[in-house]
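Heads up, the thing below is written out as structure tokens.
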Amino acid sequence: MSAPLYNKDILRLAASIPHHHRLPAPQASVERRSPTCGSRVTVDVAMADGRLSYIGLDVKACALGQASASLMAAQAIGMSADELAEARDKLTDYLSGASDDLDFWPGLAVLAPARGYPARHASIRLGFEAIAEAARMADA
């Protein structure tokens, strides 16, 4: 690995998660937990006209999970449930080595050093998994 797993960019993102508060009346809430490390991300959503209009987060995760949730939350508003599910799937493919594409979500390149650490992948995916499921539930 040419870059350290926990670098200043990861730590900066982990310390500045947008929408880091629960919504008072969400249309859907989903919690995802990593069985490997115990990291947990809860996502509350509200949808309008098939697009994410509000998001609220409760993130109790390692720095990588926090950084990933931060990147997710910074770009998710305005996206459809299908777009969020596609992003989740592309992140999973990237982490597993099935794809080298990181262009689908701004800023994800900062997480590239974690690709070689499969034990960290579940925590990185938590926010994307939770938002995709919550958006699907709210849009149903």
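The values are calculated or read from the model by the stated rules, or taken from the named source; none is laboratory data. Note that the coordinates shown come from a computational prediction; the quantities given were computed from them, not determined experimentally. No Cβ is skipped: glycine too gets one built from the backbone with ideal geometry, and neighbour counts run over all protein chains shown. All accessible areas refer to the heavy atoms of the entire protein, side chains included, with ligands and DNA or RNA removed. Shrake-Rupley method; radii C 1.70, N 1.55, O 1.52, S 1.80 Å.
Dipole check for the chain: with +1 at the C-beta of Lys and Arg, -1 at the C-beta of Asp and Glu, and the Cα centre as origin, the magnitude is about 640 Debye. Heavy-atom surface analysis with a 1.4 Å probe gives the chain a carbon and sulfur content of 49 percent of its accessible area. Have a look at GLY107, ALA46, ILE77 and report the one farthest towards the positive end of the charge dipole of the chain, computed about the Cα centre with Cβ charges (Lys/Arg +1, Asp/Glu -1). Selected residue: GLY107. Per residue, the average separation of C-alpha pairs within less than 8 Å and at least 6 apart gives the chain a relative contact order of 32 percent. Counting every C-alpha pair in segment 69-140, the share spaced more than 17 angstrom apart comes to 37%.
The stretch between THR92 and TYR54, if pulled fully straight at 0.36 nm per residue, gains 11.3 nm over its current Cα-Cα span.
Globularity index of the chain is 0.97 (Cα radius of gyration / 2.2 N^0.38 Å, N = number of residues). Simple point charges give the picture: +1 on the Cβ of Lys and Arg, -1 on the Cβ of Asp and Glu, and for segment 95-140 a dipole about the Cα centre of about 220 debye.
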